[in-house]
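Since the structure comes first, as structure tokens, the remarks are kept for the end.
The values are calculated or read from the model by the stated rules, or taken from the named source; none is laboratory data. Remember, it's a predicted structure, so these values are computed and weren't measured experimentally. Please note: Cβ atoms are built from the backbone with ideal geometry, for glycine as well, and neighbour counts cover all protein chains shown.
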Ligand SMILES: Cc1cc2nc3c(=O)[nH]c(=O)nc-3n(C[C@H](O)[C@H](O)[C@H](O)COP(=O)(O)O)c2cc1C
């Protein structure tokens, strides 16, 4: 059993990263191995709508770090999409990654896996509604089961550590897997 965690914040050891780590720690207690990928450390080129992934092997032909990320997603049972809110949506690298999930429409390899969102923001859960909807619709399209979301309120770097009530939000998600 494996969790792949995608961290779409440029700030390591900050709010997104800390919440993701806490979920992975609890996942380990439940017997899950994990792989964490910092998207800002990866070269992820944009989808160019070439539609090569709709033919033949149903794979993306772009050569970049998505090659290894596809492998990690393929072998995961649970995928964590961690991103701070940037203007009511995900960060740029996270949106680029979402677009690159296109091969999975045809090859269906994400079907049956579970998806979790980890989304800190300054304004709090209400401002995350467009993003949560984006993911729910995308998960539905890809056949991923939407397990739940940690919608935390934090702004400064690592501020989440000073907010036990926000950290406790992960428990609602942990009990679902
Ligand atoms: C470019 C940019 C845009 C942002 N837009 C929003 C926003 O629309 N609403 C909000 O509540 N917070 C917004 N924030 C604040 C971040 O979501 C918040 O600081 C978050 O805790 C950062 O998570 P991190 O520490 O994991 O990077 C924005 C931050 C940046 C840098």
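Laid out as a table, the results:
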read-out	value
Segment 72-95: number of residues that are part of a loop (DSSP other than H, G, I, E, B) and buried (at least 17 other Cβ atoms within 10 Å of the Cβ)	6
Residue that is within 9 Å of the ligand (Cβ to nearest atom) and in contact (Cβ under 8 Å) with a residue 24 or more places away in the chain, where the choices are 96, 91	91
Scope segment 156-177; condition over 20 Å from residue 79 (Cα atoms) and touching a strand residue (DSSP E or B) at 6+ places or on another chain (Cβ under 8 Å); matching residues	160, 163, 166
Among the candidates 18, 69, 63, residue that is touching a residue at least 24 places away in the same chain (Cβ under 8 Å) and more than 16 Å from residue 104 (Cα to Cα)	18
Leading residue by the ranking (nearest to the ligand (Cβ to nearest atom)) among those in segment 29-40 that are exposed (fewer than 12 other Cβ atoms within 10 Å of the Cβ) and without any contact (Cβ under 8 Å) to a residue 60 or more places away in the chain	29
Criterion violated by residue 81 - all others in (1) within 12 Å of the ligand (Cβ to nearest atom); (2) touching a strand residue (DSSP E or B) at 6+ places or on another chain (Cβ under 8 Å) satisfied	(1)
Selection status of residue 23, more than 16 Å from the ligand (Cβ to nearest atom) and either assigned to a helix (DSSP H, G or I) or at pLDDT 95 or above (or both)	no
Residue 58 modelled with pLDDT of 95 or more, more than 13 Å from the ligand (Cβ to nearest atom), closer than 23 Å to residue 137 by Cα and part of a loop (DSSP other than H, G, I, E, B)	yes
Segment 5-16: number of residues that are surrounded by fewer than 22 Cβ atoms within 10 Å (Cβ to Cβ) and touching a strand residue (DSSP E or B) at 6+ places or on another chain (Cβ under 9 Å)	3
